[in-house]
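The values are calculated or read from the model by the stated rules, or taken from the named source; none is laboratory data. If you're wondering where the values come from, they're calculated on a predicted model, not measured in any experiment. Reconstructed Cβ throughout: ideal geometry from the backbone, glycine too, with neighbour counts over all protein chains shown.
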Amino acid sequence: MAKIIETHEISKIYKMGNNIVNALQSISISIDKGEYVAFMGPSGSGKSTLMNIVGCLDSPTNGRYRLNNQEVSEMTENELAMIRNKEIGFVFQTFNLLPRASALENVALPLIYAGYSKDEREEMAMAALENVNLANRHHHKPNELSGGQRQRVAIARALVNNPSIILADEPTGNLDTKTSYDIMNLFQDLHDKGNTIILVTHEDDIAHYSHRIIRLRDGLIEWDRKNENVTRNPAAASVAVEN
């Protein structure tokens, strides 16, 4: 299987006044195309810093990072912006949708920066909404959608450019339990279709939807192991028990 992410002894050091914070210390990981991986750990573990580097939102202080066979460790800001637009689909806890734009317009937004025509943008955005079962709400604005529907719009936006990886940062943090399971089932479906997914979470039950868990603590990898008990469709299982 082709490697899509490779880090070699990356570290990240922050200077805060006279204090030096070693947010990451010599992190070496590799992730294959089509994997479903969770970065997990408590607050201050380094998982968010690792996410920012993998997502090309930040650069390591030391070490090397390759994304889809491209060396990104020493790219310029403009080069990083191009990589973020073409290679990475972001899903955030707070959705980050434009409040006055329709679902279709929100999903099409990355395609503007990628240079697609208006007709191409609308066609691709509608296809992405269909992929998350929300095409019938394409004219609705965020305040006309539920939390789960807004997150589906955000996921469609992440998918619209056909990125190399989907990077989901605490994607269920603002959702109730049932809606969280619905969203995680959607990620499960996307992975089954061949998408590479990296999930960042501090919640053990959410991490167990992934097929591999990398747990961080104090800027180091505490352990990295295959998940032998992948969670699938807990909401359906709960209904079956109740019935």
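Side notes on the structure shown:
- Unique match (being at pLDDT 90 or above, in a strand (DSSP E or B) and either aromatic (Phe, Trp, Tyr) or over 30 Å from Glu228 (Cβ atoms) (or both)) among Ser30, Ser11: Ser11
- Some residue of segment 121-142 being of a type in the set (Val, Ile, Thr) and not in a helix (DSSP H, G or I): yes
- Residues of segment 33-51 classified as charged (D, E, K, R) and assigned to a strand (DSSP E or B), total: 0
- Criterion: within 11 Å of the chain's Cα centre (by Cα), within 16 Å of Ser43 (Cα to Cα), surrounded by 17 or more Cβ atoms within 10 Å (Cβ to Cβ) and of a type outside the set (Lys, Arg) - qualifying residue of Leu167, Leu199, Leu216: Leu199
- Only one entry in Ala108, Ala114 is more than 19 Å from the chain's Cα centre (by Cα) and over 22 Å from Ala2 (Cα atoms), namely Ala114.
- Candidates Ser73, Ser43, Ser48, Ser59: the one that is hydroxyl-bearing (Ser, Thr, Tyr) and closer than 13 Å to Ile5 by Cβ is Ser73.
- Test: Leu57 is at pLDDT 90 or above, touching a Cys at 6+ places or on another chain (Cβ under 9 Å) and closer than 26 Å to His191 by Cα: no
- Residues located in segment 52-80, provided they are part of a helix (DSSP H, G or I) and loosely packed, with under 14 Cβ neighbours inside 10 Å: Glu77, Asn78, Glu79
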